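The values are calculated or read from the model by the stated rules, or taken from the named source; none is laboratory data. Owing to the predicted nature of the structure, the values given are computational and were not obtained by experimental measurement. Backbone-built Cβ (ideal geometry, glycine too); neighbour counts: all protein chains shown.
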């Protein structure tokens with residue numbers, strides 16, 4: 001049976017509830033509530049004194065950049081602002097264990113970084129956060145440890161750097177797709193584009209020079225957690241046409 005911080009989730013559920021906080025992907029609150037009310041009254045409901053709850057609400061709304069909008073009804077805010085309000089409400093609880101279900105989905109780059117900073121400050125304060133995401137860049141940027149799951153089954157887990165380090169390649173090149181692509185090694189088929197992998201910087205430079213004569217080069221960079229995910233979870237290797245070079249096909 002599952003336990004949280006040593007407490008049985010069935011027999012000792014009250015102790016568990018006191019120590020956890022949860023943000024579902026669809027966080028529903030009244031549209032006429034304000035960000036300040038969402039954070040402060042949520043804390044009061046958990047037993048915080050009103051004065052402490054108000055002070056905590058101010059701290060977290062300032063941290064996520066919503067203090068100026070604290071008294072505006074949620075219905076008048078943008079989707080990103082409402083998302084930040086709900087993130088602040090959950091992180092402000094100072095729970096020992098916090099569950100966040102895709103907290104940055106739909107946010108632009110700048111706002112996503114604001115939320116990331118708030119999450120990392122919460123972790124630095126001693127909390128444990130379990131965050132689900134489809135964004136591999138997010139996982140490798142703020143995750144201390146990641147678990148890659150496919151259809152409910154764990155296929156890999158560890159520190160992001162360690163998972164990426166296990167890849168046999170160091171660089172990835174995004175290139176326009178063309179006939180004969182399989183001659184250049186393992187690649188991921190993206191329709192009218194493909195990702196080709198190189199084992200070293202020197203090989204990457206050579207490939208770029210050769211590939212540029214066949215198709216546009218869109219990007220070159222180091223491999224990351226997304227590449228590890230594709231290789232471990234989503235990809236399957238097939239023999240390239242006419243030779244034994246493997247090809248990774250995204251399903």
Report task. For segment 39-49, state whether one or more residues are under 20 Å from residue 111 (Cβ atoms), modelled with pLDDT of 95 or more and surrounded by fewer than 17 Cβ atoms within 10 Å (Cβ to Cβ). Result -> no
Query raised in the report: Is segment 193-212 home to any residue that is within 22 Å of the chain's Cα centre (by Cα) and either modelled with pLDDT under 95 or assigned to a helix (DSSP H, G or I) (or both)?
Result: yes
Requested in this report: Would you point out the residue of segment 75-111, among those that are over 27 Å from residue 3 (Cβ atoms) and in contact (Cβ under 8 Å) with a residue 60 or more places away in the chain, that is nearest to the chain's Cα centre (by Cα)?
Outcome: 105
Query raised in the report: If residue 66 satisfies every condition in (1) touching a residue at least 40 places away in the same chain (Cβ under 8 Å); (2) buried (at least 20 other Cβ atoms within 10 Å of the Cβ); (3) over 19 Å from residue 125 (Cβ atoms) but one, which is the exception?
Result: (1)
Query raised in the report: Counting just the residues of segment 11-28 that are under 13 Å from residue 85 (Cβ atoms) and surrounded by 15 or more Cβ atoms within 10 Å (Cβ to Cβ), which one comes out nearest to the chain's Cα centre (by Cα)?
Result: 23
Query - Some residue of segment 160-178 being within 23 Å of residue 41 (Cα to Cα) and either surrounded by 13 or more Cβ atoms within 10 Å (Cβ to Cβ) or assigned by TED's automatic domain parsing to the domain that holds residue 216 (or both) - result: no
Report summary line: When restricted to 60, 31, the only residue touching a helix residue (DSSP H, G or I) at 6+ places or on another chain (Cβ under 9 Å) and part of a helix (DSSP H, G or I) is 60
**Report entry** Filter result for residue 91 (surrounded by 20 or more Cβ atoms within 10 Å (Cβ to Cβ), closer than 13 Å to residue 25 by Cα and either in contact with a helix residue (DSSP H, G or I) (Cβ under 8 Å, 6 or more places away or on another chain) or not assigned by TED's automatic domain parsing to the domain that holds residue 68 (or both))
**Finding:** no
